[in-house]
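Step one of this worksheet: look at the structure below.
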Amino acid sequence: RALPAGTPEQAREKTLAEVQVLRTVDRWKEASSVLTQALSKSPDDVDMLYELAMAQEKMGRMDELERLLRRIIALKPDHHHAHNALGYSMADRGVHLEEARVLVLRALELQPGDPFITDSLGWVEFRMGNKQSALAILQRAYDTKNDPEIAAHLGEVQWSLGLKDKAMKVWRDALKADPKNDLLLETLKRLKV
């Protein structure tokens with residue numbers, strides 16, 4: 001905070017760096033305050049709006065998350081992260097699933113082959129009850145990027161289909177790679193695994 005910022009761009013970079021530090025230590029309320037203050041000077045900065053949206057999600061403010069992501073999409077229609085985050089958050093909450101699918105498919109058009117967006121599409125399909133389709137999509141995402149959050153989703157779909165040994169292997173491997181991953185741990189707890 002004490003570092004000088006000679007230009008508006010330096011001030012912006014300093015703010016984003018501070019927010020990154022606050023995110024790393026899970027100080028979401030502070031990150032939100034820093035971003036809100038910065039956005040009062042630059043209200044259309046999509047990077048800061050996106051960071052604020054992610055902070056709102058961590059604080060459980062889903063209406064605010066949705067409002068911010070829609071604003072980003074209005075300001076920058078090709079912002080694939082905003083399309084993906086909005087679609088994923090809807091799917092994760094089990095709301096507006098058709099719109100969630102449209103948003104995630106748009107994100108994939110903008111960023112073809114991205115394993116995290118592919119994961120979101122698989123999660124939308126699972127939430128819509130299309131388990132076999134979800135399994136194929138999530139397996140493709142996991143094969144592209146061995147990530148614990150993708151593993152959490154893939155394992156849950158496998159588990160729901162009775163493929164418990166496969167699910168346990170995916171989860172064990174993910175736990176070895178990242179034993180503190182919140183989504184993975186929450187999934188295992190929720191499923192009582």
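Side notes on the structure shown:
- Length gained on full extension, Glu13 to Met59, computed as 0.36 nm times the residue gap minus the Cα-Cα distance: 14.2 nm.
- Taking label positions 7 Å along the Cα-Cβ direction at both Leu183 and Glu98, the computed distance is 2.6 nm, reported to one decimal.
- Three-way shape label, the stretch 23-91, alpha-carbon gyration tensor, a/c 1.5: oblate
- Rounded tilt (10° steps) of 80-93 against the dominant C-alpha axis of the chain: 50
- Pairs from the list Lys14/Lys76; Lys76/Lys180; Lys41/Lys145; Lys131/Lys169; Lys76/Lys189 with a Cα-Cα gap above 30 Å: Lys76/Lys180; Lys41/Lys145; Lys76/Lys189.
- Taken about its Cα centre, the chain carries a charge dipole of about 560 debye when Lys and Arg each add +1 at the Cβ and Asp and Glu each add -1 at the Cβ.
- Three-way shape label, the chain, alpha-carbon gyration tensor, a/c 1.5: prolate
- Computed [θ] at 222 nm, deg cm²/dmol, the chain (DSSP H ≥ 4; -39,500 (n - 2.57); rounded to nearest 500): -24500 deg cm²/dmol
- Shape call, the stretch 103-154: gyration tensor on alpha carbons, a/c limit 1.5: oblate
- Within the full protein context, the accessible area of His96 is estimated at about 110 Å² for a probe radius of 1.4 Å.
- Label-point separation, Arg190 to Ala5 (7 Å along Cα→Cβ), nm: 3.6
- Between the stretch 28-91 and the stretch 115-193, the Cα center-to-center distance that results, in Å: 26
- Nearest 10 degrees, 0 to 90: helix 62-75 Cα axis against the chain principal axis: 70
The values are calculated or read from the model by the stated rules, or taken from the named source; none is laboratory data. Note that the structure is a prediction, hence the values are computed from the model and not measured. So basically every Cβ, Gly included, is an ideal-geometry build from the backbone, and we count neighbours across all protein chains shown. Ligands, DNA and RNA are excluded from the accessible area calculation, which covers all protein heavy atoms including side chains. Shrake-Rupley method; radii C 1.70, N 1.55, O 1.52, S 1.80 Å.
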